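What follows is a set of notes on a single structure, which appears directly below.
None of the figures in this text is laboratory data; all of them are computed from the coordinates on show. This structure is a prediction, so every number in the text was calculated from the model and none was measured. Here Cβ is always computed from backbone atoms with ideal geometry, including for glycine, and neighbour counts include all displayed protein chains.
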Amino acid sequence: MLRQRMQIFVALVATASILMLGGTGFAAEPIRLGVAGPHSGDLASYGIPTIKAAELVVEKINAEGGVLGRKVELMVEDDVCKPEVATNTATKLVSQKAHVVLGHICSGATKAALGIYKDSKIIAMSPSATNPALTQSGSYPNFYRTIASDDAQARLEVDFALGTLKLKKIAVLHDKGDYGKGLAEFAKAFLEKDPRAEVVLYEGVTPGAVDYSAVVQKIKRTKAEAVIFGGYHPEASKIVTQMRKRRMKTIFISDDGVKDDTFIKVAGKYAEGVYATGPKDVSKNPMAIAANEAHKKAYGADPGAFFLNAYAATLALLNAIDKAGSTNYDAVARALRTQYVDTPLGKIRFDDRGDATGVGFSMYQVRKGVYVEIK
Amino acid sequence: MDYFLELFLGGLTRGSIYALIALGYTMVYGIIKLINFAHGEIYMIGAFTALIVAGVLTLLGWNQVAILVIASLVAVTYSSAYGFTIEKLAYKPLRQAPRLSALISAIGMSLFLQNYVLLAQTSDFLPFPSLIPEFEFIAPYAHIIQSSEIVILITTAVVMALLTFLIKFTRIGKAMRATAQDRDMAMLVGVDVNRVISVTFIVGSATAAIGGVLIASHIGQINFYIGFIAGIKAFVAAVLGGIGSIPGAVLGSLVLGWTESFFTGYVSSDYEDVFAFIFLVLILIFRPSGILGRSETEKV
């Protein structure tokens, strides 16, 4: 707790010092960027990296003269990831006349806050809220995000199986957990909508069971060409191992719970050829390298969760204001949708629903004991 | 028909896996009426010991069968030492206390050992080498049954036979039966009850360690938590068969293995556990002391 308080304190001091610099040079009204997310409590580690990303970007942009000749000012507000607190946070940011908001972090809190921003015509951009409905429901035209939604992995798995591998009979399995079952449900829904495919089996396996031979026999009996599995690597490695030991060549496609080196270590030679989706590799992106370096220099540690997503979101918001020539809601929204911006996640813009294009997942395959990104 | 056979064999293997653990549960319960919750952890420690020994021997370039034998022997010895020590530390001081106290002590021991391994080793899953060789003659049938499954089946049968022999036909077995029937009376006629109980724990732990080595090598992965889930299932199997009875533990395990396998195969694995436990409840309603359990009237 004390360390978190200290971090917040440091963050506030840093913010304050930026404000002082801004105040001395320019008389023009600053651009106010709200930063909302959990900054205390047990989920603070998800929210604090976003403050740091915003600080680093704003510091850099202000040093280069700001946006539209105006300094950017941060307004950091805590929502502890709770929807009921998030509505207060949002109201506060609105009453303090924030122009745009970076946040919130958790999907539930984001949803609660969005209605308030919508009524006040304020754009909000989350680096981390992955709930599909936030963009897909169409209820929040003021919402954007720089992270792929939960169903993006399922979409990619299905497109890959049907499009790239040209498969028809698919078995969908999951581990009955929130994450695995959620993904499997999306995958099943996408497959059922697609006339090319047939879901021959949809089932949950018991995590931690001593073996999965019965389920494996069942997969064999359905003559599925591929298994799409939603879940984590311990179950995946057991299922893959038992399939291969029974001489089954069924293709195995899974998610980023399986795109983990432990999977390859545990399944050994049987892991060979397994497909798994995982976040796009940005480790070679020069902006990502620079952003991570800047963080290390400023805070003496590696960045935390969603740092690069938040970095990209801050850049995207400020770039859109710059391109729009004002903080006018409609102009900024148009700029977000039409103007590409270079970020640590690559060159991005936003589609009509508010999801960033080109951000998200890639398909990987185990080749010679390592996951290789398939282009 | 093929499908039925495959499910039957799958259930048989799964049942044998449960049985190797359930035997130790049922033996200890038979002698001192204690549900030894730390038994699953002994199984896990056996597997970890074998993993470490096998790792060292593989580095030294030994052949596979020698590694399997040596690793099993070390695991059995080490786990037996654990079983012996646990009994002396956690159960013996509570022998005159109410049964509930010993039960709580067993749960505490189980948590302690899990966390001990978690801290001393790792929380990650570790790959376990397949110590059991792939037999040539089984290759054409690999789609139905694997070498490791055959080895598990045979080992379970042999361990069950040896235990039955030990209990029915040896001196210590007679002493065990006497202790199980009436501990105070056995003590009065000169049975060294402490020794009998120690031997029971050593033998029970040894079977768990054998199970640990074979099962881990069949599944190919271990972590500190495997003992808990396997232990719970084995406990259910022991109750199903009639706790305290050696053939009962094996029969109960097989019935549980088949129930799960057929239910998964013909209905759905979503409710596999639910169905297995409904089945347990049904059997206990009609045979309260399990399939092969003797109904005991409380002695006054």
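Over the C-alpha trace of the stretch B:2-286, radius of gyration and Dmax come out as 18.9, 60 angstrom.
Using the Stokes-Einstein relation with a Kirkwood hydrodynamic radius computed over Cα pairs, the translational diffusion coefficient of the stretch A:20-126 at 37 °C and a viscosity of 0.692 mPa s comes to 236 µm²/s.
Which longest uninterrupted range of chain B lacks any GluC sites (Glu not before Pro) assigned by DSSP to a loop state (not H, G, I, E or B) and surrounded by at most 12 other Cβ atoms within 10 Å? Excluding the exposed sites themselves, the longest stretch runs over B:1-295. By how many degrees, 0 to 90 and rounded to 10, does the Cα axis of helix A:83-95 deviate from the longest principal axis of chain A? Here the helix axis deviates by roughly 30 degrees. With Cα atoms defining each centre, the stretch A:270-286 and the stretch B:191-267 are spaced 40 Å apart in the structure. Residues in the stretch A:341-358 carry Karplus couplings, in order, of 9, 7, 9, x, 8, x, 7, 10, 9, 10, 7, 4, 8, x, 7, 6, 7, x Hz; the curve used is 6.51 cos²θ - 1.76 cosθ + 1.60 with θ = phi - 60°, and Gly or Pro positions show x. In this structure, the residue pairs whose Cα-Cα separation is over 18 Å, taken from A:Lys249/A:Lys269; A:Lys193/A:Lys223; A:Lys265/A:Lys368, are A:Lys193/A:Lys223. Taking all Cα pairs closer than 8 Å and separated by 6 or more residues, the relative contact order of chain A comes to 16 percent. Taking trypsin sites (Lys or Arg not before Pro) in DSSP loop conformation with at most 11 other Cβ atoms inside 10 Å as exposed sites, chain B has its longest uninterrupted site-free stretch at B:1-293. Here the mean projected area of the convex hull built on the C-alpha positions of the stretch A:128-209 is 6.6 nm². Diffusion coefficient of the stretch B:151-258 by Stokes-Einstein, Kirkwood radius over Cα pairs, 20 °C, 1.002 mPa s: 140 µm²/s.
For GluC sites (Glu not before Pro), the sites in the stretch A:28-135 that DSSP calls loop and that have at most 12 other Cβ atoms within 10 Å are A:Glu64. In the calculated pair-distance distribution of the stretch A:256-306, the portion above 12 angstrom amounts to 72 percent of the Cα-Cα pairs. Within the same chain, aspartates and glutamates fewer than 8 places from A:Lys296 are excluded, and of the rest, those with a Cα less than 19 Å from its Cα are A:Glu55, A:Glu59.
For chain B, the relative contact order works out to 36 percent when only alpha carbon pairs closer than 8 Å and six or more residues apart are counted. Across the protein assembly as shown, the volume of the C-alpha convex hull divided among the residues equals 190 Å³ per residue.
For chain A, the alpha-carbon coordinates run over 74, 41, 37 Å along the three principal axes, in decreasing order. For B:Lys174, the aspartates and glutamates whose Cα comes closer than 20 Å to its Cα, not counting residues fewer than 8 places off in the same chain, are B:Asp182, B:Asp184, B:Asp192, B:Glu296. Bridging of A:Lys280 to lysines at a Cα separation below 19 Å is possible for A:Lys259, A:Lys347, A:Lys375, once same-chain residues fewer than 8 apart are set aside.
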